[in-house]
1. How about region 21-50: which of its residues are among the charged types (D, E, K, R) and without any contact (Cβ under 8 Å) to a residue 40 or more places away in the chain?
2. Given the criteria exposed (fewer than 11 other Cβ atoms within 10 Å of the Cβ), farther than 14 Å from residue 44 by Cα and at pLDDT below 70, does residue 126 qualify?
3. Report yes if some residue within region 131-144 is exposed (fewer than 11 other Cβ atoms within 10 Å of the Cβ), modelled with pLDDT of 75 or more and touching a Leu at 6+ places or on another chain (Cβ under 9 Å); otherwise report no.
4. Of the residues 41, 37, 62, which is modelled with pLDDT under 90, of a type outside the set (A, V, I, L, M) and surrounded by 11 or more Cβ atoms within 10 Å (Cβ to Cβ)?
5. Within region 6-30, which residues are surrounded by fewer than 15 Cβ atoms within 10 Å (Cβ to Cβ) and within 18 Å of the chain's Cα centre (by Cα)?
6. Kindly check whether there is at least one residue in region 83-94 that is acidic (Asp, Glu), surrounded by 10 or more Cβ atoms within 10 Å (Cβ to Cβ), at pLDDT below 70 and within 23 Å of residue 21 (Cα to Cα).
Amino acid sequence: MADEEEETPQERLRQKHKKEEKELRAKIQSMKHSVPKGDKKKKKEVTLDIARLEEELKERFKRELEELSEKHLPEASNSVSDVTEMIWSVTVTEPQTRISKAQKRRDKKAAKEREREQRIAEAEMENVHSARNVENEKLKEILVAKGLAIKERCCCNSVVTCCSLYNAIADQLSRQKQQMEMKTLRRLAAEFMQSHEEDFLPFLTDAKTDQYAQYCEEIMSTAAWGGHLEVQ
């Protein structure tokens, strides 16, 4: 009983903050584990939520400590900077527990990861109203009005399917009910360019070498990305 009576208001608040921070860390871990692997959109949303929760907790801790300082001025001599330092000095480890070097490395890595996620979240929030996002939203509105939409490029396991140019052409053909494999599409493009060499040579950097023949061969037999020649 004597120990409880001697416990200062500052210490009680500190213990309360310690418990709340531990609860938040557990909640954050649960939020991270809830993100499906590879779901970048969900990960971005969770990162923003985590940053918001951490900032709200930090601000509330600071406010409560400042309010306590005003009520117990003779007992509380911490400055605002001291208060801020106190907020994040709280740890969820047991007191007087020896921490292994491996644990220290893990803690340091986790701290860096939290800082990185915080920076990402802040950058995402700043980019919400960036010129690029505003332009994209405007473009989407125009396309929706015309019954169109931006189709994201899909990269499958086969690298042959990962060329945006040929993907776009294949997609347009499929809309006309003409299904064509990527390999066939690339072969047709190469054969056409080989039979119309004089139409494409002027667009090469060096028309006096075998560069053109090599270019056509790469179109047909490799996963090289489509370039300006095919667009001609």
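1. If the condition is that a residue be among the charged types (D, E, K, R) and without any contact (Cβ under 8 Å) to a residue 40 or more places away in the chain, then 23, 27, 32, 37, 39, 40, 41, 42, 43, 45, 49 are the ones that fit.
2. In short, no.
3. Within region 131-144, one or more residues are exposed (fewer than 11 other Cβ atoms within 10 Å of the Cβ), modelled with pLDDT of 75 or more and touching a Leu at 6+ places or on another chain (Cβ under 9 Å).
4. Sole residue among the options that is modelled with pLDDT under 90, of a type outside the set (A, V, I, L, M) and surrounded by 11 or more Cβ atoms within 10 Å (Cβ to Cβ): 62.
5. Passing the criteria: only 29.
6. Kept after step one, since they are acidic (Asp, Glu), are these residues of region 83-94: 85, 94.
This time we only want the ones that are surrounded by 10 or more Cβ atoms within 10 Å (Cβ to Cβ), so: 85.
When the remaining residues are screened for being at pLDDT below 70, the result is 85.
Add one more test, that the residue is within 23 Å of residue 21 (Cα to Cα), and what stays is 85.
The answer is yes, given that some residue of region 83-94 is acidic (Asp, Glu), surrounded by 10 or more Cβ atoms within 10 Å (Cβ to Cβ), at pLDDT below 70 and within 23 Å of residue 21 (Cα to Cα).
The values are calculated or read from the model by the stated rules, or taken from the named source; none is laboratory data. Source: prediction; values computed, not measured. Positions of Cβ are generated from backbone atoms using ideal geometry, with glycine treated the same way; all protein chains shown enter the neighbour counts.
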